[in-house]
Amino acid sequence: MVELRNGSAQAANGKSSAAGSAYSIDLNAFQTRLKLFYSHWDEQRTNLWGSSDAIAVACPPPSEDLRYLKSTALNLWLLGFEFPETIMVFMKKQIYILCSQKKASILETVKKPAREAVGVDLVLHVKLKNDDGTTLMDSIFRAIRTQSKADGHDSVTVGYIQREAPEGKLLETWADKLKNTEFHLIDVSNGFSTLFATKSNEELISIKRAAYLTTSVMKNFVVSKLENVIDEEKKVSHSALMEETEKVILEPSKVNCKLKAENVDICYPPIFQSGGEFDLRPSAVSNDELLHYNSASVIICAVGARYKSYCSNIARTFLIDAEPLQSKAYEVLLKAHEAAIGSLKPGNKLNAAYQAAVSVVEKEAPDLISNLTKSAGTGIGIEFRESGLNLNAKNEQIIKEGMVFNVSLGFQNLQCESSKSKNKNFSLLLADTVIISKDKTEVVTLMSSKALKDVAYSFNEDEEEERPSKRSRGIDGEPVVSKTTLRSDNHEVSKEELRRQHQAELARQKNEETARRLAGGGSESGENRSSVRTTADLVAYKNINDVPPPREMMIQVDQKNEAVLLPINGSMVPFHVAFIRTVSSQQDTNRNNYIRIIFNVPGTPFNPHDANSMKFQGSIYLKEASFRSKDSRHIGEVVQSIKALRRQVVSRESERAERATLVTQEKLQLANNRFKPIRLSDLWIRPVFGGRGRKIPGTLEAHANGFRYSTTRQDERVDVMFGNIKHAFFQPAENEMITLLHFHLHNHIMVGNKKTKDVQFYVEVMDMVQNVGGSKRSAYDPDELEEEQRERERKNKINVEFQTFVNRVNDLWGQPQFNGLDLEFDQPLRELGFPGVPHKSSVFIVPTSACLVELIENPFLVVTLSEIEIVNLERVGLGQKNFDMTIVFKDFKRDVLRIDSIPSTSLDGIKEWLDTTDIKYYESRLNLNWRQILKTITDDPQGFIEGGGWEFLNLEATDSESENSEESDKGYEPSDIEPESETDDDDSDSESLVESEDDEDEDDSVEDSEEEKGKTWEELEREATNADREKGNDSDSEEDRKRRKAKAFGKSRAGLSGGMPKRSKLR
């Protein structure tokens, strides 16, 4: 809840503050909401407010516990603050408030606005410090009786919140006296629930910001944390994960969320559950058990955050080597969850959401209906659970625009027969925050994917079989027909036929072009895949006199000369830190501490012979050294010092090597007095400059032959030459948080210590709220309507400034000296965009006139259309919700680009766009192994040309030859094998062309091996065990074999049941 601070405050811009207090109540919001309260009370007096003559609300004393009370919610909604130990009585002509002197001085300012808004007099009863308040209470009761008699009522009905038990001496006294009066008391909780149900625009903004924080924590912290724990097989408890996640919520900057920490709070302690014990209630607690991630494990994570007291919630379930039942249950739950969200539309009844979910489960998996949760969620706002908006089978309230729901659905107490006892019982849970708008239902936590392939974590090597026959069917086994096949409209058919004819002509032209290019000497020149690494001779000391005299025979770290001095045979022997591969420490049972240093030895894997080793052939190299000490503190300091020094040297040498490969750029010609530079101020840059100092914005200037970006720091400067710009993009902020300029370059440049081909300059247009009241504004004063208007004006202003800069630069590029560069700012065509996963996360990809780009999330995506050979749309026509797009470049030495998880609803739009840009596309039912296909083409270009070129990808032509032929899924086969042949060789060739992603994973494993830091004690022990086994002592248990399999996890992917591929990484 809000923290009250002492100090002075000024009244400004519709806000009023009491002298000597930091509170400023938004008078405009107070008047608007007071009117809404009284009009709602008037209109629904009989139905929801129990025909009450007065409504009494008592707010309890402050508490450290997380709790949601309607009395507190009313305070925050009406006044913007919580007023503890305060009693409010609302009547038709008066509002009586019993409170302390300090609170009365704050509330004094709302007397006039209350009178102007609804014509009521606000009467303050100030309770002195030692007063029990009974006299003041009696005077309030007398006023209620007097008003009731004046209205002609014989009995007095007083509404109150029945479920809130009185806390503290003041509220207990009030409750006793209220019950002992002759008043008829009636519960009005439902009235308040309905009053709070429909949110204003400023309330929705707070909920969206809370949802943005919630999703950022789930996506950027929770998922990556789980990945790290599982990947490194760490032992961590649920409660420890809960505590770490809570700290991240309370510090939004840790997940790159630019919300003020004083405005945020948790809705509840984050929930982590695994190991067969699950509780799907929001009141569940993360226990002290270790996170369980063995095969067939299920991990449930739920996170809730508040922004300015408004709540949001998200829950995700992650599957580890899922069993078929778990996969099927999750797919059914996902469909039911989406059906429930889809039914939340203005005018529908609340029970329609739960009925929609039940219908999906009854159709897809009727045996799971008894395990479905009894509710699909609740309303959410200032209260985490708005009781009147329960999404169950009985609630027949009407959904209205502006309502917000926490749609939470799950299966509980499911059993997996083939799993171990710990994993036999499992539950599944999904939750999202949903805003009801006039035109659409907005899922504001959508940024965190819940697709099966994004939450399935696979590391079991025994499940690598492909099931193409099953992938073409839904859960119920029925074949699913694509949208295009169902079309019967003549206009659409003719349009499709025209597109097919155009694609046939493009195929002919493309095959001719490819044949000419291959006949002329192979593919277009591309970048080398690897460059020879040159290293300078690293010397710790040039002369023996430079070695520092030994203080004592202990390991010393010489930071200045980047050396480590080791005591060997009574002498201090220096080693340059660059030749140390890893350093680690260990403690045995006798409290002896060991430090182990492993050196880079030439000739071992991933350490080939360098210039030094070739110069001193026949030399003997020290591979590792171990030292013992009783001083654990000294050991720890030495290890940390060596690691820090090694990181520093490696970083410096890496940057030096990167700079050595750069293409020399022309020198920037600064603008003179005759030509003033075109300037755009207060921009941020990506990639960011290095260093640990606070990041500061800079200015972008267009000079005679290039751009210069600089900050107030001397070393933070970047020059981008016009001649090095391949593509320039301008993307104004519409649905995004930033307005940006992006340059995709021909050759790499250095930004700080980073080598890059993409440089971006941007300004954030959201969350840059100007505080009119200065630092004296309270953290809980909304003023959101005005804030939203400021944000809108700021966004428009920034877009106009960028557009002006772009127009002026375009005019500059139009001059004769730049004609050969063909430069012009390109702007993304949002209406042609589609979601997809080009790297690790789902992003919105947008075409431009010359490229396909994604410029918001890092790493950026910029694909030049003229460099594309063909596009292959994979996993199409199998009833899948998603398909993949593989882009093959004209440079066959360049790896293909694959964009995964594109919704099938975008298929027709993508086909139309590709056709209009004269790009030939094909469709296939499986993911192909493009590395082998391209290798086959480059090895035998003549065979490829004679075999029809790219037409081996033509699915329709292949299907027309034989409906049952398995050859249609093979990809390009340049050999002379008979079509009828079904030998083992044929099968192996076919399988090698269907991508199981093992090739990529093998490469990844090599790269991972390069980064390994030497053999650990456990690895040495494992080698000894293997040596014993080779000698005949083979006592390997099934448990040991499974443990070894787990080491491979993250390096292989197994197919999930139902044809949905698993990811080796969570998203």
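The values are calculated or read from the model by the stated rules, or taken from the named source; none is laboratory data. Everything quoted here is computed from the prediction, not taken from an experiment. Quick reminder, even Gly has a Cβ in these numbers, built from the backbone with ideal geometry, and neighbours come from all protein chains shown. Calculation scope for accessible area: heavy atoms of the full protein, side chains included, ligands and nucleic acids excluded. Shrake-Rupley method; radii C 1.70, N 1.55, O 1.52, S 1.80 Å.
Remarks
- Condition check for A211: in the same structural domain as N390 (by the TED database) and touching a residue at least 12 places away in the same chain (Cβ under 8 Å): yes
- Subset tally (residues that are open to solvent by less than 20 Å² (accessible area, probe 1.4 Å) and assigned to a strand (DSSP E or B)) for region 379-409: 7
- Here is the figure for region 715-730: residues that are open to solvent by 10 Å² or more (accessible area, probe 1.4 Å) and touching a residue at least 60 places away in the same chain (Cβ under 8 Å) total 3.
- Residues in region 86-110 that are assigned to a strand (DSSP E or B), open to solvent by 10 Å² or more (accessible area, probe 1.4 Å) and either touching a His at 6+ places or on another chain (Cβ under 9 Å) or of a type in the set (K, R) (or both): Y96 only.
- Test: residue in region 287-303 that is touching a Leu at 6+ places or on another chain (Cβ under 7 Å) and of a type in the set (S, T, Y): no
- Within region 111-130, the set of residues being under 18 Å from G168 (Cβ atoms) and open to solvent by 70 Å² or more (accessible area, probe 1.4 Å) comprises L128, K129, N130.
- Identity of the residue in region 313-358, closer than 18 Å to K450 by Cα and aromatic (F, W, Y), that ends up nearest to the chain's Cα centre (by Cα): F318
- Checking each residue in region 869-888 for being open to solvent by 10 Å² or more (accessible area, probe 1.4 Å) and not basic (K, R) picks out V876, G877, L878, G879, Q880, N882.
- Just one of the listed residues (Q731, Q760) is modelled with pLDDT of 90 or more and over 14 Å from R686 (Cα atoms), and it is Q731.
Listed here are the residues, each with its yes/no results for (1) open to solvent by 50 Å² or more (accessible area, probe 1.4 Å); (2) in a helix (DSSP H, G or I); (3) within 18 Å of S370 (Cβ to Cβ).
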| site | (1), (2), (3) |
| --- | --- |
| V332 | no, yes, yes |
| A336 | no, yes, yes |
| K345 | yes, no, no |
| S359 | yes, yes, yes |
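- Looking at region 192-293, the helices (runs of 4 or more DSSP H) lying wholly inside it that each contain 1 or more residues that are open to solvent by less than 10 Å² (accessible area, probe 1.4 Å) and under 30 Å from I398 (Cβ atoms) sit at 201-217.
- Every pair of residues 6+ apart whose Cβ atoms lie under 9 Å, when the first sits in region 733-747 and is not assigned by the TED database to the domain that holds L683 while the second is open to solvent by less than 20 Å² (accessible area, probe 1.4 Å): none
- When region 158-184 is filtered for residues that are surrounded by 17 or more Cβ atoms within 10 Å (Cβ to Cβ) and outside any helix (DSSP H, G or I), the ones remaining, listed by number, are V158, G159, Y160, I161, E164, E167, F183.
- Filter result (out of contact with any strand residue (DSSP E or B) (no Cβ under 8 Å at 6 or more places or on another chain) and among the hydrophobic types (A, V, I, L, M, F, W, C)) within region 195-222: L195, I205, F221
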